[in-house]
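I have placed the structure first, in the form of structure tokens, so that the comments after it can refer back to it.
The values are calculated or read from the model by the stated rules, or taken from the named source; none is laboratory data. Treat the numbers as computed from the prediction; the structure is a model and nothing was measured. Here the Cβ positions follow ideal geometry from the backbone for every residue, glycine too, while neighbour counts run over all protein chains shown. SASA here: full protein model, heavy atoms, side chains in, ligands and nucleic acids out. Shrake-Rupley method; radii C 1.70, N 1.55, O 1.52, S 1.80 Å.
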Amino acid sequence: MTATALLPFPPDRSCGDGWFGRTRRSWADRRADREHEQECWAFAEHLRFVWRDACEGVGVSRTTDTATGPTVRTPRVGRIVVDRPTTMLVELLPGQEPQDLSRVGDRLAHSLGFETLRVVPHGGRWVRVELLDQDPLTEPFALPRITVGTCQDPVLLGRDEFGDALGHTFADAAHVALQGQNGAGKSQFAYGLLAQLAAADDVRIAGSDITGLLLGRPYDGTVHRPWQATGTADLEEHAALLERLVGVMDERLAALPDRVDKIEPSPAVPLFVVVVEEFPGLLRAAGAMPKPGRGERSVLDRIKAANLRLLSEGRKVGFRVITLAQRAEAEAMGGGYARDQYALRLSFRVPGDSLEMLHGPAVRELAERHATAEPGVAVLSAPGRDLARVRVPYLGAYAEYCDRIATTARKEP
């Protein structure tokens, strides 16, 4: 089959007057165009040549026995467009799916001389393979000065490996789990997330924060502050706050009309984003308190019970829990059942076993590389999409987070 390389040509340059002047171009321009076309054609031929070996090397080929001996079949390359990005139309083998190429995308791209690739369904067994010569995750980017006016609007989570922006709408029924070592970017991500949500009329940012940095002082004087407990001086306050939120949840459940199984958040019935910062630390601190008297429940048991109820029953009546931990072990998250309630999960730099505990065995291929990930790079899993590595936006200094909350969050009446 004759190779075809579709090339981006420069716009026509005319000179002089009349027909000859409008169509004449310098010999230097024509020679440059021909040389460029030849280079692109040669590069397209090179890609066709190495594609077969690359597919064999990553295991997306098939060997069949024929009369003349074993024959290796690989996905067939059709049209190649040498551009930014360079794209290839590829026909998959019978029974193959686009995910079969995506799973080995990095290895396949490196064999072709690129950083990474993206596989896009094109029709039938054909896919479009886009070859990228730069990893979008290597470049940090600042959070734009954006806020959302309602929980129905998406917040920016970050950019994926192809530079595409990823958003999440908190009106969707999804609790959020964040894990990561100190300095891996977990808190920076939380600052950016809450800074976008704080101005929404139909959102209350509530929760427990033993550090007093994520919640607490940045929210003084706002409508959010009465729904927050901070510090470790009074752990009873944290238990009481979570139980108070459970009380609001129970009131909403009891008030659901017949034939209705969820509420639509509004300024009068806001969505509660319940942030639990460093939840394992809260549990350890509560567990170290003196044992209660006979017939009394411990602060630890109260915190665990309230947290579990918010996770398991709150989604339909406007409660979304965001839990932060260095390692999302089952016990650290309040038990295996509690951990299973998180639909949106992000892991910043963590050991491989922690990565698998939160995202499942499908993440094993990423474990070794992610153990040394740069700050601000996370693995994300969510319903309806494949695992993805993302670069989250940063806010800069902590003072910028405080300033954004102070200038955008609604004040107490």
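Which residues, counting only those in segment 373-413, are more than 20 Å from the chain's Cα centre (by Cα) and of a type in the set (G, A, S)?
Taking segment 373-413 first, the residues more than 20 Å from the chain's Cα centre (by Cα) are 397-413.
Across segment 373-413, the qualifying residues are A397, A399, A406, A409.
Among the helices (runs of 4 or more DSSP H) contained in segment 17-132, which hold 2 or more residues that are modelled with pLDDT of 85 or more, open to solvent by less than 70 Å² (accessible area, probe 1.4 Å) and more than 28 Å from R364 (Cβ to Cβ)?
Working: elements: 18-23, 27-58, 98-102, 105-112.
Once the helices (runs of 4 or more DSSP H) in segment 17-132 are filtered for at least 2 residues that are modelled with pLDDT of 85 or more, open to solvent by less than 70 Å² (accessible area, probe 1.4 Å) and more than 28 Å from R364 (Cβ to Cβ), what remains is 27-58.
Right, L143: under 25 Å from V363 (Cβ atoms) and crowded, with 18+ Cβ neighbours inside 10 Å or not? It is false that L143 is under 25 Å from V363 (Cβ atoms) and crowded, with 18+ Cβ neighbours inside 10 Å. Among the residues making up segment 316-368, those that are charged (D, E, K, R) and modelled with pLDDT of 90 or more are K316, R320, R345, R349.
Please go through segment 174-201 and give me each residue that is open to solvent by less than 10 Å² (accessible area, probe 1.4 Å), in contact with a strand residue (DSSP E or B) (Cβ under 9 Å, 6 or more places away or on another chain) and over 16 Å from H359 (Cβ atoms), ordered by number. Hits for segment 174-201 are F189, A190, G192, L193, L194, Q196, L197, A198, A200. Here I263 passes the criteria (1) closer than 23 Å to A174 by Cα; (2) assigned to a helix (DSSP H, G or I); (3) in contact with a helix residue (DSSP H, G or I) (Cβ under 8 Å, 6 or more places away or on another chain) except the one numbered (2). Among the residues examined, Q152 qualifies as in contact with a Ser or Thr (Cβ under 9 Å, 6 or more places away or on another chain), over 24 Å from P98 (Cα atoms), in contact (Cβ under 8 Å) with a residue 12 or more places away in the chain and polar (S, T, N, Q).
Is it true that R404 is within 24 Å of Q152 (Cα to Cα), open to solvent by less than 30 Å² (accessible area, probe 1.4 Å) and part of a helix (DSSP H, G or I)? Give the derivation first.
Working: within 24 Å of Q152 (Cα to Cα): yes; open to solvent by less than 30 Å² (accessible area, probe 1.4 Å): yes; part of a helix (DSSP H, G or I): yes.
Yes: the conditions hold for R404.
Going by the structure shown, is V155 within 30 Å of P280 (Cβ to Cβ) and assigned to a strand (DSSP E or B)? Steps first, answer last, please.
On the way: within 30 Å of P280 (Cβ to Cβ): yes; assigned to a strand (DSSP E or B): yes.
Yes.
Looking only at segment 276-287, residues that are in contact with a Lys or Arg (Cβ under 9 Å, 6 or more places away or on another chain) and surrounded by fewer than 16 Cβ atoms within 10 Å (Cβ to Cβ) come to 0 in all. In segment 158-230, counting only strands (runs of 3 or more DSSP E) that sit wholly within it, the ones holding 3 or more residues that are in contact (Cβ under 8 Å) with a residue 24 or more places away in the chain and closer than 20 Å to L245 by Cβ span 175-179, 203-209.
Among the residues of segment 381-397, the ones that are open to solvent by less than 70 Å² (accessible area, probe 1.4 Å) and modelled with pLDDT of 90 or more come to 5 in all. Mind checking which residues of segment 257-270 are open to solvent by 40 Å² or more (accessible area, probe 1.4 Å) and hydrophobic (A, V, I, L, M, F, W, C)? The answer is V260, A268, V269. Given the structure, is L137 modelled with pLDDT of 90 or more and more than 25 Å from L92 (Cα to Cα)? Against the criterion (modelled with pLDDT of 90 or more and more than 25 Å from L92 (Cα to Cα)), L137 does not qualify.
For V269, the criteria (1) farther than 21 Å from Q179 by Cα; (2) in contact with a Gly (Cβ under 6 Å, 6 or more places away or on another chain); (3) modelled with pLDDT of 95 or more; (4) not in a helix (DSSP H, G or I) hold in every case but one, which is (2).
Selection within segment 231-255: residues that are assigned to a loop (DSSP other than H, G, I, E, B), of a type outside the set (V, I, T) and open to solvent by 40 Å² or more (accessible area, probe 1.4 Å). The member of this set that is nearest to F272 (Cα to Cα) is D234.
Considering every residue within segment 152-161, establish whether at least one is open to solvent by 40 Å² or more (accessible area, probe 1.4 Å), of a type in the set (S, T, N, Q), more than 30 Å from R79 (Cα to Cα) and at pLDDT 85 or above.
First, pick out the residues of segment 152-161 that are open to solvent by 40 Å² or more (accessible area, probe 1.4 Å): 152-154, 159.
Filter once more, so that each one left must be of a type in the set (S, T, N, Q): 152.
From what's left, more than 30 Å from R79 (Cα to Cα): 152.
Keeping just the survivors that are at pLDDT 85 or above gives 152.
There is at least one residue in segment 152-161 that is open to solvent by 40 Å² or more (accessible area, probe 1.4 Å), of a type in the set (S, T, N, Q), more than 30 Å from R79 (Cα to Cα) and at pLDDT 85 or above.
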